[in-house]
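Notes for the one structure printed next.
Rule-based calculations on the coordinates, nothing more; no lab input. Model, not experiment: these values are computed from the prediction. Cβ: placed from backbone, ideal geometry, glycine included. Neighbour counts: every protein chain shown.
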Amino acid sequence: MDRHRRGKVQFPIMRFPATVFVLLAILCPAGCMSQLKATSPRPVEATMDVFAQSSVLRHTSERACLLGFGAPPEIEADSPMLTRAYQTRLVQRSPFARIKAIPDVVSSDAEALWYARKEACALAIVPYLQYMMDGSGGLPTKLVVRIRILDAADGRVLWDLKQTAWSEPGPDVDLTWNTVVGAPAQRGHELADCLADHFAAYLAQHLEQEEKEQADVKQ
């Protein structure tokens, strides 16, 4: 495939129909913490905005290609860590028949679809790291990602989600003669694992709900 003819970069700005709106906003406080091998008692808060979603049941028997996280140059070094986190959680939750990790970062939907078709994947998971600030525990940590899943057959956007996670350090305690430093904020890799688990759980829960609804109809 001639790479010079592929589409233009679509992140972080993407085209949506005029009727696109936020379908879902999920707050995930302590639930994320229970999934972390945390080094701090500080909580992680997370939200998910869903702009497009499809039937997981319709695609659960298909093979999905997970592309590498695209990112601005100043934070692209964090991309492999995020890709590993999402691959691990998707494999654990198994919303699709198989997850094929492709470390390559794409610059367009056309390129993502080319990789998916080359690897015989029906779905292309196209992730993008929009923002990451890791304050090394002493400052707040924040992570923002955008995840889209494309139909490899026709390029349609089946899922489009924005996830945000953050953690704040604990307040210092002034004991007059000395100060007890507050607990550090969770680090960036812990937020990444939280969002990856949240994303995989979102798909798995929808699959379970659809299977239950289908079983009820057959009864």
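The modelled label-to-label distance for the pair ARG98/TYR131, using points 7 Å beyond Cα in the direction of Cβ, is 3.9 nm. Extension gain, ASP216 to ASP49, is 57.2 nm, computed as 0.36 nm per intervening residue step minus the present C-alpha separation. With the convex hull drawn over the C-alpha atoms of the stretch 71-181, the volume per residue is 116 Å³.
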